[in-house]
């Protein structure tokens, strides 16, 4: 009996989730990429700023844009043009904003390559010789002996 109740509950949950509209899912996804411009530093759909002058208007505009536009990038571009570039958290993948996607990995790769080159150069250098590692030179031994004799050490 318990097992039958679990199966029935699972079926009801599946039926309810199947009713989720793709427009609602798109709305949620796009809303998580847009910042509220009221300076609360929160995502648009999560803005809990009491008396927020912008979130209600922006949410209405997002609903309208999701209904009008079929391309998510066009919706985000509309918000960039209307509310400013900083309103959209995710930078565009074209034009000057493409640098935001390209530069960090390129800089990281260059830095990693520089570190590897430095390590290879350090490993290829000869280690410094210590006084005990030298091959004795008979001429220097003679000079040392003379220095000891003259200084009486």
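Bear in mind these aren't lab numbers, they're just calculated from the coordinates by the rules spelled out. Small disclaimer: the values here were computed from a predicted structure and weren't measured. Cβ sites come from the backbone with ideal geometry, for glycine too, and all protein chains shown count toward neighbours.
Were the residues from residue 92 through residue 6 laid out at 0.36 nm apart, the gain over their Cα-Cα distance would be 26.4 nm.
Classified by the C-alpha gyration tensor, region 12-90 has an oblate form. Its axis ratio a/c, with a ≥ b ≥ c, is 1.5 or above, and a/b does not exceed b/c. Remark: spin-label model distance residue 68-residue 116 equals 5.0 nm, labels positioned 7 Å along the Cα→Cβ axis. Neighbour counts of other Cβ atoms within 10 Å put 33, 46 in the fewest-to-most order 46, 33.
Put in line by how crowded their Cβ is, counting other Cβ atoms within 10 Å and starting with the fewest, 96, 27 read 96, 27.
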